[in-house]
Amino acid sequence: MIMRYKNRECILEEKHKRDVMIITSGIILPTIMLNGSISARWRISGAKLITVPFVKMTKETRSTVAEFGKKLLEDAAGITQVVFE
């Protein structure tokens, strides 16, 4: 998905900008969007999908994110485990 905003505040709080962007190149790292806001970033390490939330997630939300992430990446990347940091 490609999105362009003059002001990203509507989807990303300024305090998290450096968590998801490589400022010098403008590259945005892989992120998770919940309820219209970027709420976490993710990366793959071996067979693990590692998620780094920026907001407090309920157990239900974590479960949903883990289930969706595993389902989405299980075949493509061999993901067998989802970890929250």
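One decimal place: the segment I11-E85 gains 24.5 nm when fully extended, by the rule 0.36 nm per residue minus the C-alpha distance.
Placing a label point 7 Å from the Cα of A47 along the Cα-to-Cβ line, the residues of the stretch 56-77 whose backbone N sits under 19 Å from it are 66-77.
Rounded to whole numbers, the Karplus 3J(HN,Hα) couplings from phi for the stretch 11-24 are 10, 9, 5, 3, 5, 9, 4, 6, 6, 10, 10, 8, 4, 5 Hz, using 6.51 cos²θ - 1.76 cosθ + 1.60 with θ = phi - 60°, and x at Gly and Pro.
Taking R0 as 30 Å, what FRET efficiency do you get between K71 and L29 from their Cβ-Cβ distance, rounded to the nearest 0.05? Display every interim value, and only then the final one.
Working: r = 21 Å, r/R0 = 0.71.
My answer for the efficiency is 0.90.
For the chain, find the longest principal axis of its Cα atoms and tell me its angle to the long axis of helix 59-77, 0 to 90°, nearest 10. Between the helix axis and the principal axis of the chain, the angle is about 80 degrees.
Per residue, the average separation of C-alpha pairs within less than 8 Å and at least 6 apart gives the chain a relative contact order of 22 percent. Within the chain, DSSP assigns beta bridges of which about 75% are antiparallel (rounded to the nearest 5).
Per-residue ellipticity at 222 nm for the chain, helices alone: DSSP H runs ≥ 4 residues times -39500 (n - 2.57), over residue total, nearest 500 deg cm²/dmol? Write out the running numbers ahead of the final one.
Details: 2 runs with 23 residues, N = 85.
Mean residue ellipticity, 222 nm, calculated: -8500 deg cm²/dmol.
With N as its number of residues, the stretch 8-84 has a Cα radius of gyration that, divided by 2.2 N^0.38 Å, comes to 1.12.
We did not get these values from a lab; they are worked out from the coordinates using the rules stated. Quick caveat: nothing in here was measured; it's all calculated off a predicted structure. Virtual Cβ from ideal backbone geometry, glycine too; neighbours counted across all protein chains shown.
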